[in-house]
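The structure under discussion appears below in the form of structure tokens.
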């Protein structure tokens with residue numbers, strides 16, 4: 001019942017299909033029960049010398065007609081039932097994927113990638129199987145058993161039916177115990193499957209590092225242990241599953257023994273005819289499948305229940321950041337104000353930003369510098385609304401950012417993160433990700449701005465070059481420039497470059513920034529970097545230290561201040577000069 005309740009949204013939409021399916025399955029079961037009666041009557045007529053050629057042909061014709069009708073019914077309900085199961089499979093995948101695309105980063109910190117993959121594959125398959133084959137086994141169990149038992153009573157003998165079905169309570173008890181054990185073991189097996197997926201993802205994505213440290217053998221050993229654990233837990237599931245069939249077969253065998261033995265006794269004392277005994281044994285044979293189906297149904301239902309619970313638990317996880325009921329729309333953002341912003345990551349033990357106050361005017365370029373871990377990326381992420389923040393600590397044109405819709409905020413922003421987020425598609429598709437309808441002229445323009453045009457021209461397939469998984473076919477600098485071109489293509493009101501030029505040389509970096517400054521006049525740009533020359537042109541530069549602003553001003557003001565910025569800038573200029581001298585000597 002809990003399975004049906006949790007999938008009520010689906011069954012409410014498809015109830016008519018399921019009703020029609022049950023009606024056709026019931027009709028098939030009824031027709032299936034007619035045949036034994038016809039065979040038994042034919043035997044009794046044959047024994048009494050009353051079977052004529054015409055009656056025999058009539059009986060054979062009826063059996064043939066029943067077979068054709070059953071085939072047609074079976075074809076229709078089979079398509080309806082398993083078509084609905086396939087639709088449920090698709091809709092569950094759509095729900096899960098849609099849910100995941102709305103989730104914030106903390107959700108993916110709580111849920112491992114391998115676990116999510118297990119939900120989208122094994123668990124959804126188990127639920128779909130329950131809505132398809134599970135319904136089949138349930139209806140067959142209930143309908144066929146009811147029809148056959150009524151037929152046994154009406155056409156044969158009530159006493160014989162009671163005697164033959166005495167072992168059935170033992171079947172219910174065995175299946176109940178086995179089903180509970182199966183469900184618990186299946187949940188454990190699914191969790192281990194998710195852990196195996198995690199290991200595979202980590203190994204494949206980190207293959208270069210593993211090879212560079214010659215750790216292939218150790219990784220293979222670790223993977224063997226993980227797969228061994230998965231195998232052991234699935235063997236335990238299979239062991240319990242394998243007990244269903246023997247239990248059913250033993251009980252069915254006992255029922256047949258009682259039916260034939262006691263039935264022969266009743267024939268001997270003329271309480272039933274020989275034809276009725278044959279009919280009864282055919283009926284008893286028809287009960288074998290419902291008994292097996294009942295065991296399979298419990299098996300499938302336990303798996304489906306375990307899986308739908310896991311899926312439901314995942315879908316019930318809420319995003320930490322959501323829109324308010326009356327969200328304010330701002331077409332083009334102007335003034336950005338941080339007012340005493342303090343922020344801590346959901347899993348963090350200390351504040352990443354502390355009492356940060358900052359004003360950024362439209363059209364300004366803000367440079368954000370500081371040591372590693374000082375909070376540069378964290379500050380930029382506040383504009384992306386990925387994490388909840390205290391009310392009225394970040395304002396856009398005087399409106400708290402929590403009162404602006406998430407889609408509205410993100411529509412302003414072109415974001416180039418530190419990580420290279422490229423899909424295994426062509427370079428054109430990766431650049432046009434945010435604007436698929438971009439023209440060839442627009443693509444050429446952003447390639448020039450990102451100084452990527454020359455690199456593309458040297459590739460045999462140009463923009464149609466497949467970059468591979470996460471851009472494996474490109475260099476680090478090319479990946480970064482593809483990301484910059486992608487962000488520039490949407491011509492965003494706010495451009496965020498989070499250490500996005502670390503993999504390109506200083507000359508290319510300077511040229512790209514000059515192009516960005518020239519073409520983005522009147523639009524806001526935020527640049528976080530370790531290379532201070534990248535922000536020397538900015539109207540405002542802030543230096544972060546453990547989440548606090550310790551210095552702020554223009555390049556000239558900070559150089560006069562003689563603090564961290566001045567020391568770091570002079571050190572980097574000296575290093576650059578030494579590198580230049582070494583190249584000239586070579």
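Expressed per residue, the C-alpha convex hull volume of the stretch 176-314 stands at 129 Å³.
If the Kirkwood radius is taken over C-alpha pairs of the stretch 1-136, then at 4 °C and 1.567 mPa s the Stokes-Einstein diffusion coefficient equals 70 µm²/s.
Compared with the dominant Cα axis of the chain, that is its longest principal axis, helix 288-315 is turned about 20°. Against the chain, whose longest principal axis is taken from its Cα atoms, helix 564-585 shows a tilt of about 90°. Of all DSSP-defined beta bridges confined to the chain, some 45% are antiparallel rather than parallel.
Peptide packing: for 333-344, 142-153, the average count of neighbouring Cβ atoms within 10 Å per residue gives the ranking 142-153, 333-344, highest mean first.
Extension gain, residue 69 to residue 204: 0.36 nm times the residue separation minus the Cα-Cα distance gives 43.2 nm.
Peptides 52-59, 155-162, 186-193 ranked from most to least packed give 186-193, 155-162, 52-59, packing being the mean of other C-beta atoms within 10 angstrom over each peptide's residues. What separates the Cα centres of the stretch 380-438 and the stretch 1-25 is a distance of 41 Å.
Size of the stretch 147-231: Rg and Dmax of its alpha carbons, in Å, are 26.2, 79.
Here the alpha carbons of the stretch 438-586 define both size measures, Rg and Dmax, at 17.4, 52 Å. Each Cα pair under 8 Å and six or more residues apart adds its sequence gap; the mean of these over the residue count of the stretch 207-317 is a relative contact order of 24 percent.
If contacts are Cα pairs under 8 angstrom and at least 6 residues apart, what is the relative contact order of the stretch 2-315 in percent?
Relative contact order comes out at 32 percent.
The stretch 436-478 has equivalent-ellipsoid semi-axes of 18, 12, 10 Å, by the square roots of 5 times the alpha carbon gyration tensor eigenvalues, sorted largest first.
Looking at the chain, I'd like the Rg to Rh ratio, where Rg is from alpha-carbon atoms and Rh is Kirkwood's inverse mean 1/r. My calculation puts Rg/Rh at 1.18. In the stretch 2-315, the inverse of the mean reciprocal separation of distinct Cα atoms equals 23.0 Å; this is its Kirkwood hydrodynamic radius. Considering only the Cα atoms of the stretch 362-471, their convex hull presents on average a projected area of 9.4 nm².
Pairwise Cα distances in the stretch 435-519 exceed 14 Å in 64 percent of cases. Mean separation of Cα pairs under 8 Å and 6 or more residues apart, divided by the residue count, gives the chain a relative contact order of 14 percent. The share of alpha-carbon pairs in the stretch 308-401 lying farther apart than 21 Å comes to 42%.
For the stretch 356-410, the alpha-carbon coordinates run over 33, 25, 20 Å along the three principal axes, in decreasing order. To the nearest ten degrees, helix 216-268 and the longest principal axis of the Cα atoms of the chain are 20 degrees apart. Spatial offset of the stretch 152-187 relative to the stretch 542-558 amounts to 78 Å, using the alpha carbon center of each. Look at where the Cα atoms of the stretch 196-235 and of the stretch 339-370 average out, and the two centres are 39 Å apart.
Read-outs throughout are calculated quantities, based only on the coordinates presented, and are distinct from any laboratory measurement. What you see is a predicted model; the values in this text were computed from it and never measured. Using ideal geometry, Cβ is built from the backbone for each residue, glycine included, and neighbour counts are taken over all protein chains shown.
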